[in-house]
Amino acid sequence: MGTIILLIVVALVLFWLVSAYNGLVSLKNQVMNAWKQIDVQIKRRHDLIPNLVNTVKGAMNFERETLEAVVAARNQAIKVQQTPGAHVGETAAAEAQLTGALGRLLAVVEAYPDLKATGNVAQLQEELTSTENKIAFARQLYNDTATQYNTKQQQFPTNLLAGMASASPAELWEITNEAERAVPNVDLSFGK
Amino acid sequence: MNEPVDIFAQQEANRRRTRWLVVAFILFFAWLGFGGDWILWQLTRGAPPNAYRHAFPWMGFVLTTFAAMLAAYAWRTGPNKVLWSVGAREVATPKTDDETRLVNVVDEMAIAAGVPRPRVWLIDDADPNAFATGLDADHAHVAVTQGLLALCSRDELQAVIAHEVGHIKNLDVRLMTFLAALVGAVALMSDGLGRMLRGGVRFGGVGGGRSRGKRENLGPLVLVVLALWLLSWLVAPMVARLLALGVSRRREFLADAMAAQFTRNPLSLAAALEKIEHADAPTLSIKRGSAHLCIADPLGRKSSLREGKLADIFGTHPPMALRVARLKAMGYQAKKKQEPAA
């Protein structure tokens with residue numbers, strides 16, 4: 001009788017071990033996948049910017065600084081993205097810079113009704129709004145998944161397994177720039 | 001919003017319910033078939049040797065096979081049938097600004113939910129409505145009406161799409177699409193059978209005199225089974241429809257909560273729902289069979305306006321006021337949580 005109970009307990013523990021381990025691995029993959037999503041969207045934004053700059057360049061000679069800031073921020077962001085092993089924090093900072101610069105550019109475009117009336121610019125605005133949203137949502141998914149992963153690693157008794165599953169805390173994408181927080185509001189109102 | 005919806009449990013529950021639905025559907029047909037066989041067997045048991053005896057239950061085998069094939073067919077073609085029945089056309093390459101915006105918004109919400117982008121469909125109907133269909137997240141579709149595009153701001157459209165993507169993510173679409181396909185199949189069949197039975201009554205009337213003499217030696221059990229069996233034929237379409245009602249209401253609240261989680265903006269869904277509710281014309285292109293798939297009852301039934309028992313039984317959707325109130329409460333809580341931090 002005693003051995004049967006012992007066997008059942010061992011089986012239960014083994015079952016828990018396997019499922020907890022697999023849970024951690026699956027969450028880790030989800031985090032990695034969510035990060036890839038961000039990467040895709042970031043690249044999309046980088047590709048979109050030359051098009052935007054070319055469209056508005058002619059009409060806004062006098063806003064050269066704003067344009068140059070966008071181009072510079074884009075170049076910096078691309079450099080960070082292409083650095084292998086760049087930290088989440090570095091990427092976040094570079095992209096925040098770019099988001100800020102783009103936000104200012106869009107605000108400027110808004111101030112020129114003639115420019116806004118051109119079909120091309122309206123379409124670009126929608127594209128840009130959407131890309132900004134996509135980055136924001138990809139970041140949201142990444143942060144949610146990473147938080148879930150980190151919590152799992154720290155909670156007892158899963159934390160005993162963290163080493164075995166080679167789990168380490170995932171770095172969250174923090175919004176550091178106060179200016180950037182305000183930007184999405186400006187963006188969203190354009191689409192209406 | 002603060003406690004994320006347990007999506008895995010929801011997915012598993014939907015998988016399980018779909019399986020049960022298939023089993024129940026086939027068992028029901030087996031009962032119709034084998035039940036009829038048994039009654040016929042009882043009726044012809046005492047027949048003279050040269051007369052027909054119902055010894056082999058062929059009705060049961062035919063109907064069970066038929067049900068299995070119907071279920072397989074509904075499974076394979078369900079999403080396409082639903083889209084076809086509402087006359088949706090796919091937005092493969094967006095042509096107008098509205099379409100571009102729609103495709104972008106669907107893209108954004110797919111990213112927020114972490115699912116592949118569903119295919120986007122448009123319905124030429126001036127009434128605002130939307131639904132999702134498909135068997136899993138990899139083969140999913142989102143359809144919206146022209147009216148919704150015209151009515152909603154970008155934020156509101158985003159919220160509505162988030163609600164639909166929520167249905168996709170927790171696999172509501174699988175159960176609901178399958179159910180729609182089955183409801184359609186059963187409705188078609190009972191129409192056809194109704195015609196056949198009416199013809200059969202006339203036919204049976206001719207030989208009535210002879211069979212009446214025999215019925216006296218039948219036990220009460222046969223009569224009870226006969227009554228139950230006939231009743232089953234009659235209520236089949238109603239049962240299918242009631243099932244469709246039962247599965248969809250709780251899901252709407254859940255999808256609303258998921259939309260709030262994806263957009264982090266419950267108030268925009270509340271605003272969208274209020275707008276949809278006030279445009280109270282029925283969505284003409286969406287028929288009864290797919291009503292339970294939609295974000296708002298396309299038939300414009302009054303029960304979605306009221307709370308209470310009647311609405312609980314007959315509405316495919318929970319009262320709109322209740323949904324809006326819940327979303328507003330979520331928005332209020334989110335705001336209160338933010339304020340001390342800011």
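No value in this document is a laboratory result; all are computed from the given coordinates. These figures come from a predicted structure and were not determined experimentally. Positions of Cβ are backbone-derived with ideal geometry, glycine not excepted, and every protein chain shown enters the neighbour counts.
Stretch B:L27-B:T44 to full length: gain in nm at 0.36 nm per residue minus the Cα-Cα span? Show your work: numbers first, answer last.
Working: separation 17, 0.36 × 17 = 6.12 nm, distance 2.50 nm.
Full extension of this stretch gives 3.6 nm more.
What translational D, rounded to a whole number of µm²/s, comes out for the stretch B:9-149 from Stokes-Einstein when the hydrodynamic radius is the Kirkwood one over Cα pairs, at 37 °C and 0.692 mPa s?
Details: Rh = 18.7 Å.
This corresponds to a translational diffusion coefficient of 175 µm²/s.
Roughly speaking, what is the stretch gain from B:W58 to B:A325, that is 0.36 nm per residue apart minus the C-alpha to C-alpha distance, in nm to one decimal? Don't skip to the answer; put the middle values down first.
Details: separation 267, 0.36 × 267 = 96.12 nm, distance 5.55 nm.
Going from the current span to full extension adds 90.6 nm.
How many Cβ atoms of partner chains, on average, are near each residue of B:114-123 if near means within 10 Å of its Cβ?
Working: counts 11, 0, 0, 0, 0, 0, 0, 0, 0, 0.
Rounded to a whole number, the mean comes out at 1.
At B:R16 and A:T147, where each label point lies 7 Å from the Cα along Cα→Cβ, what is the point-to-point distance in nanometres?
2.9 nm
With an 8 Å cut-off on Cα pairs and a minimum separation of 6 or more residues, tell me the relative contact order of chain A in percent.
Numbers: 152 pairs, mean separation 62.9, N = 192.
Over chain A, the number comes to 33 percent.
Bin by bin, in steps of 5 Å, what percent of the Cα pairs in chain A do you find, going until the bin that has the longest distance?
1, 7, 14, 16, 14, 11, 9, 7, 5, 5, 4, 3, 2, 1, 1, 1, 0, 0
Please determine, in degrees from 0 to 90 and to the nearest 10, the orientation of helix A:88-110 with respect to the longest principal axis defined by the Cα atoms of chain A, where the helix direction is its Cα long axis.
30 degrees
If you fit an axis through the alpha-carbon atoms of helix A:64-82 and take the longest principal axis of the Cα set of chain A, what angle between them do you get, 0 to 90°, nearest 10?
Helix A:64-82 sits roughly 30 degrees off the main axis of chain A.
Would you tell me the mean number of C-beta atoms belonging to other protein chains that fall within 10 Å of each C-beta in A:131-140, as a whole number? If you can, show how the numbers build up before the last one.
On the way: counts 3, 1, 10, 7, 2, 4, 13, 4, 2, 7.
Mean shielding by partner chains, rounded to a whole number: 5.
Cα-based Rg of the stretch A:29-125 per 2.2 N^0.38 Å, rounded to two decimals? Display every interim value, and only then the final one.
Numbers: Rg = 14.9 Å, N = 97, 2.2 N^0.38 = 12.5 Å.
With N residues counted in the stretch A:29-125, Rg over 2.2 N^0.38 Å equals 1.19.
R0 = 35 Å: FRET efficiency of A:E174 with B:S153, Cβ-based, nearest 0.05?
Numbers: r = 30 Å, r/R0 = 0.84.
Given R0 = 35 Å and the Cβ-Cβ separation, E is 0.75.
Give the share of C-alpha pairs in each 10 angstrom bin for the stretch B:17-61, from 0 to the last occupied bin, in whole percents, shortest bins first.
P(r) over the stretch B:17-61, rounded to whole percents: 28, 37, 21, 11, 3.
Please order B:K336, B:K169 by the number of other Cβ within 10 Å, starting at the fewest. Walk me through the intermediate numbers first.
Working: B:K336 9, B:K169 26.
Least to most surrounded, the residues fall as B:K336, B:K169.
If the chain between A:L12 and A:K79 were fully stretched, how many nm would it gain, using 0.36 nm times the residue separation less the Cα-Cα distance? Kindly include the intermediate steps, with their values, before the conclusion.
Numbers: separation 67, 0.36 × 67 = 24.12 nm, distance 5.05 nm.
Value of the extension gain: 19.1 nm.
Can you compute the helix-only [θ] at 222 nm over chain A? Use -39500 (n - 2.57) per DSSP H run of at least 4 residues, normalise by all residues, nearest 500 deg cm²/dmol.
On the way: 6 runs with 152 residues, N = 192.
Rounded to the nearest 500, it is -28000 deg cm²/dmol.
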